[in-house]
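Asker: Okay, handing you the structure first.
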Amino acid sequence: MPKLKVDGIEIEVPAGATVLQACELAGKEIPRFCYHERLSIAGNCRMCLVEVKPGPPKPQASCALPAAENQEIFTNSPMVKNAREGVMEFLLINHPLDCPICDQGGECDLQDQSVAYGRGSSRYSENKRAVTEKYMGPIVKTVMTRCIQCTRCVRFAEEVAGVEEIGAIGRGESMQITSYLEQAVTSELSGNVVDLCPVGALTSKPYAFEARPWELQKTLTIDVMDAVGTNIRLDSRGRQVLRCLPRINEDVNEEWASDKTRHAVDGLVRKRLDRPFVRRLGKLEPATWDEAFAAIAAVGASSSMAAIAGDLVDCETMFAAKALLTQHGATLVEGRQTGMDYDISSLAALNFNTTIAGTERADAILLIGTHLRWEAPLVNTRVRKSIKRGAKVFAIGPEVDLTYKVEWLGDDLSALGALPDAVADAFAKAERPMVIVGGAALKRGLGAALAFADRFKLVREGWNGFNTLHMAAARMGGLMLGYAQGGGIADVVAAKPQMVFFLGADEVDFSAFAESFKVYVGHHGDKGAAVADVVLPGATYAEKSGTWVNLEGRVQRGERAVFPPGDAREDWTIFRALSERLGEALPFDTLDQLRAAMAAEVPALGTMGLASFAWNPPALDAMADGVIAGYPIKDFYLTNAICRASPTMQRCSAELIHGQDFAEAAE
């Protein structure tokens with residue numbers, strides 16, 4: 001570990017560290033535009049110049065210079081100060097002075113660093129060059145005259161997203177950043193380039209001219225668009241969420257977020273349920289809460305009740321609904337609304353045991369029945385990182401583009417029992433092998449996957465390589481709360497319940513419940529509300545404090561950013577109020593009391609962090625056959641009611657999935 005001095009401070013840095021990293025370890029701030037911790041080093045903006053001795057008598061780019069023994073680094077010498085002023089002066093030669101109308105204003109690295117390290121005046125009076133705008137799709141807005149060619153977006157697209165559709169054309173002053181043939185960028189992670197852009201060249205198209213950062217209230221919460229549990233920040237003004245940004249969590253999402261996470265928020269205010277409805281003479285009509293509760297009470301609470309949880313529901317809502325049913329002797333609760341059916345006797349066998357971050361360390365990976373790029377984009381990026389470290393990836397299922405090289409073993413599950421010698425050899429020699437079982441293979445392939453794990457010792461000291469990939473934010477929490485019947489939703493249908501509560505469940509086959517009294521508790525006027533006998537308006541994930549468990553069993557809590565619209569209420573309070581009308585009040589009056597009761601029933605839900613599941617795999621038939629005809633997600637951008645209400649997600653689906661053309665203004 002080299003020892004060196006930074007402005008007279010002696011420090012020791014890890015081998016392979018750069019001078020820039022050494023300066024930061026010493027507590028010195030180094031300005032930069034092109035350097036980013038998660039991207040390869042480009043060394044082309046020259047803003048991070050420092051003076052290094054021994055070395056040439058000129059400033060050097062600290063991001064690309066290795067730290068060495070006995071170096072002396074000066075970060076604020078006259079030479080460095082003069083060099084940074086010169087670099088900033090050059091960067092501003094062509095940069096337009098449109099800060100007052102730029103969406104990056106207030107969050108712009110160029111603004112901040114020009115104030116901190118610039119001269120305050122320019123010696124250049126020549127005309128500024130102009131660059132035509134580039135089309136990058138419905139997510140990213142471009143004003144390329146502002147671009148300083150840092151190439152962060154190019155490196156992100158190639159290295160993280162794996163979609164090499166952004167690059168540079170031309171040389172010198174004529175250099176321009178553009179997408180391939182100026183077409184829409186097809187990556188589901190394209191919105192991250194907006195965060196990476198240090199100027200206003202790439203900004204958020206749906207958020208354009210909506211607000212300034214100092215106007216917004218910032219709330220830390222958890223994303224529910226998939227089961228990854230991305231840590232996010234919701235920025236709101238008044239009663240509307242205007243944008244969603246990722247928070248750094250190295251164990252979950254690093255600092256990335258999928259486009260669905262970022263831009264489905266404009267669906268939060270559209271097609272909302274803001275008052276109760278009761279069906280009268282075949283037609284849903286507005287009602288008061290008292291009238292809605294009276295309609296439910298008229299049917300009567302009994303043991304012939306059921307609750308089906310949707311994909312976005314928080315644990316508190318599921319616990320309150322189950323507690324209400326339990327009071328009346330009902331036990332029919334199910335969370336796999338689309339009809340998935342698999343063995344539920346072991347939560348360890350249904351967990352992503354390697355953990356999301358642990359995926360990077362795997363050296364042999366088998367994907368079974370999963371379209372990982374759509375089902376969990378931020379797990380897919382971890383697989384890409386494992387490949388850079390030498391991992392080999394194999395897959396069973398219909399071939400799709402996962403953004404990296406995959407050896408496809410066919411789409412028949414019987415391939416698990418007849419692996420090619422090269423594949424078997426790769427897993428036999430692997431130090432950290434792992435398998436990921438997706439929704440398309442859970443029912444017919446779980447036993448064979450467990451047999452595969454046993455054959456190649458995927459579960460060993462210090463490593464558990466057996467993983468089940470869920471796609472719904474509510475799934476693991478629901479399984480922990482017992483929202484699963486042995487035969488799946490078919491068991492609920494077979495019981496012919498007199499009354500069914502649908503907790504934001506919009507993907508159910510409602511025709512199977514034609515004879516039941518249907519109560520929909522949700523936030524959007526989507527499929528569930530259309531068939532309900534009573535509609536009780538609830539709150540979205542942005543409008544309530546809630547607990548969610550991600551696919552690796554990580555218990556996380558989100559906070560309320562805004563209040564629900566109209567007469568809508570937080571879901572758990574609806575069940576608390578309804579319980580009084582049905583004869584016996586639930587034993588909690590506050591959210592804290594509910595959480596205490598929930599933790600008493602399921603202790604893991606009372607502690608934030610990874611839940612522990614003892615490895616006790618069920619004894620299942622190791623034989624598997626049958627062709628995987630397709631994957632559960634057919635359209636990445638329209639997987640839930642919020643997405644379907646979002647104009648941005650509708651546009652993304654139409655353009656990026658279905659190939660629809662959209663004319664720009666001049667066309």
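Asker: Given a Förster distance of 35 angstrom, what is the FRET efficiency for Val459 paired with Val400, based on the Cβ-Cβ distance and rounded to 0.05?
Answerer: Approximately 0.80, to the nearest 0.05.
Asker: Rounded, prolate or oblate: pick one for the stretch 495-584, where a ≥ b ≥ c are the square roots of the eigenvalues of its C-alpha gyration tensor, a/c under 1.5 means rounded, and failing that, prolate if a/b is larger than b/c, else oblate.
Answerer: On the way: a/c = 1.68, a/b = 1.42, b/c = 1.18.
Prolate is the answer for the stretch 495-584, as a/c is 1.5 or above and a/b outweighs b/c.
Asker: Kindly flag which residue pairs out of Lys128/Lys205; Lys443/Lys527; Lys322/Lys527 have an alpha-carbon separation exceeding 28 Å in this structure. Each step should come with its number before you reach the end.
Answerer: Values: Lys128/Lys205 25 Å; Lys443/Lys527 26 Å; Lys322/Lys527 23 Å.
The answer is none of them.
Asker: If you don't mind, another one. Between Trp615 and Glu580, with labels modelled 7 Å along Cα→Cβ, what's the label distance in nm to one decimal, could you check?
Answerer: Placing both labels 7 Å beyond Cα along the Cβ direction yields 5.1 nm.
Asker: Turning to a different aspect of this structure: Placing unit charges on C-beta atoms (Lys and Arg positive, Asp and Glu negative, everything else neutral), compute the dipole magnitude of the stretch 423-554 about its Cα centre in debye, rounded to 20. Kindly include the intermediate steps, with their values, before the conclusion.
Answerer: Values: 13 positive and 13 negative charges, 88 e Å.
Dipole size: approximately 420 debye.
Asker: Additional query: For the stretch 125-204, what D do you get in µm² per second when you plug the Kirkwood radius from alpha-carbon pairs into Stokes-Einstein at 10 °C and 1.306 mPa s?
Answerer: On the way: Rh = 12.6 Å.
After rounding, the answer is 126 µm²/s.
Asker: Another question, then. Across the Cα atoms of the stretch 1-105, what radius of gyration and what greatest pairwise Cα-Cα distance (Dmax) are found, in Å?
Answerer: 15.0, 48
Asker: Here's another thing I want to ask about it. Within the stretch 84-128, name every residue whose backbone N is under 20 Å away from a label modeled 7 Å from Cα of Arg212 along the Cβ vector.
Answerer: Zone members listed by number: 96-116.
Asker: Given the Cα-Cα distance of Glu37 and Ala530 and 0.36 nm per residue of separation, how much length would full extension add, in nm?
Answerer: 172.7 nm
Asker: Right, something else. Which length gain, in nm to one decimal place, applies between Thr338 and Ser414 when the Cα-Cα distance is subtracted from 0.36 nm times their residue separation? Don't skip to the answer; put the middle values down first.
Answerer: Numbers: separation 76, 0.36 × 76 = 27.36 nm, distance 2.48 nm.
Going from the current span to full extension adds 24.9 nm.
Asker: Could you name the aspartates and glutamates whose alpha carbon sits less than 16 Å from that of Lys53, not counting residues in the same chain fewer than 8 places away?
Answerer: Answer for Lys53, where 16 Å is the Cα cut-off: Asp7, Glu10, Glu69, Glu72, listed by chain and number.
Asker: Give me the Kirkwood hydrodynamic radius of the chain, using the inverse of the mean 1/r over all pairs of distinct Cα atoms, in Å to one decimal.
Answerer: This gives a value of 27.2 Å.
Asker: More than 12 angstrom separation, counting every C-alpha pair in the stretch 411-471; what % is that?
Answerer: Values: 1233 of 1830 pairs.
I get 67 percent for the Cα pairs in the stretch 411-471 exceeding 12 Å.
Asker: What FRET efficiency would be calculated for the residue pair Ala600, Glu431, taking the C-beta separation as r and a Förster radius of 51 Å, to the nearest 0.05?
Answerer: Details: r = 41 Å, r/R0 = 0.81.
Taking R0 as 51 Å, the efficiency between Ala600 and Glu431 is 0.80.
Asker: Quick one: if you stick a label point 7 Å off each Cα along the C-beta vector at Ile657 and Lys5, how many nm between them?
Answerer: 6.2
Asker: Another question, if that's okay. Can you pull out the GluC sites (Glu not before Pro) in the stretch 221-313 whose DSSP state is coil and whose Cβ has at most 12 other Cβ atoms within 10 Å?
Answerer: Of the GluC sites (Glu not before Pro), the ones in loops of the stretch 221-313 whose Cβ has at most 12 other Cβ atoms within 10 Å are Glu250.
Asker: Can you give me the distance in nm between label points at Glu182 and Asp251, each placed 7 Å from the Cα along the Cα-to-Cβ direction?
Answerer: 4.7
Asker: Which chymotrypsin sites (Phe, Trp or Tyr not before Pro) from the stretch 576-639 combine a DSSP loop assignment with at most 16 other Cβ atoms within 10 Å?
Answerer: Trp615
Asker: Right, here's the next one. What area, in nm² and to one decimal, does the C-alpha convex hull of the stretch 347-470 cast on average over all directions?
Answerer: 6.6
Asker: For the stretch 564-667, with every protein chain kept in place, what is the accessible area per residue (1.4 Å probe, Å²)? Please report the intermediate quantities before stating the final value.
Answerer: Numbers: 5380 Å² over 104 residues.
Heavy-atom SASA per residue in the stretch 564-667 reads 52 Å².
Asker: Loop only by DSSP, 16 or fewer other Cβ within 10 Å of the Cβ. Give me the trypsin sites (Lys or Arg not before Pro) in the stretch 426-504 that pass, ordered by residue number.
Answerer: Passing sites in the stretch 426-504 are Lys457.
Asker: Multiply the residue gap between Thr288 and Ala422 by 0.36 nm, knock off their C-alpha separation, and tell me the result in nm, one decimal place.
Answerer: 41.6 nm
Asker: Separate question: Using only the C-alpha atoms of the stretch 87-175, find the volume of their convex hull and express it per residue in Å³.
Answerer: Dividing the Cα hull volume of the stretch 87-175 by its residue count gives 132 Å³.
Asker: Would you mind telling me the share, in percent, of accessible area of the stretch 191-277 contributed by carbon and sulfur at probe 1.4 angstrom?
Answerer: Percent of accessible area from carbon and sulfur atoms in the stretch 191-277: 47.
Asker: Zone of Glu12 (label point 7 Å along Cα→Cβ, backbone N under 14 Å): which residues in the stretch 63-104?
Answerer: Answer for the stretch 63-104: 69-70.
Asker: Can you pick out the pairs among Lys218/Lys544; Lys3/Lys385; Lys271/Lys544 whose Cα atoms lie more than 20 Å from each other?
Answerer: As for pairs spanning more than 20 Å Cα to Cα, those are Lys3/Lys385.
The values are calculated or read from the model by the stated rules, or taken from the named source; none is laboratory data. Since we're looking at a predicted model, the values are computed, not measured. Note: ideal-geometry Cβ built from the backbone for every residue, glycine included; neighbour counts use all protein chains shown. Calculation scope for accessible area: heavy atoms of the full protein, side chains included, ligands and nucleic acids excluded. Shrake-Rupley method; radii C 1.70, N 1.55, O 1.52, S 1.80 Å.
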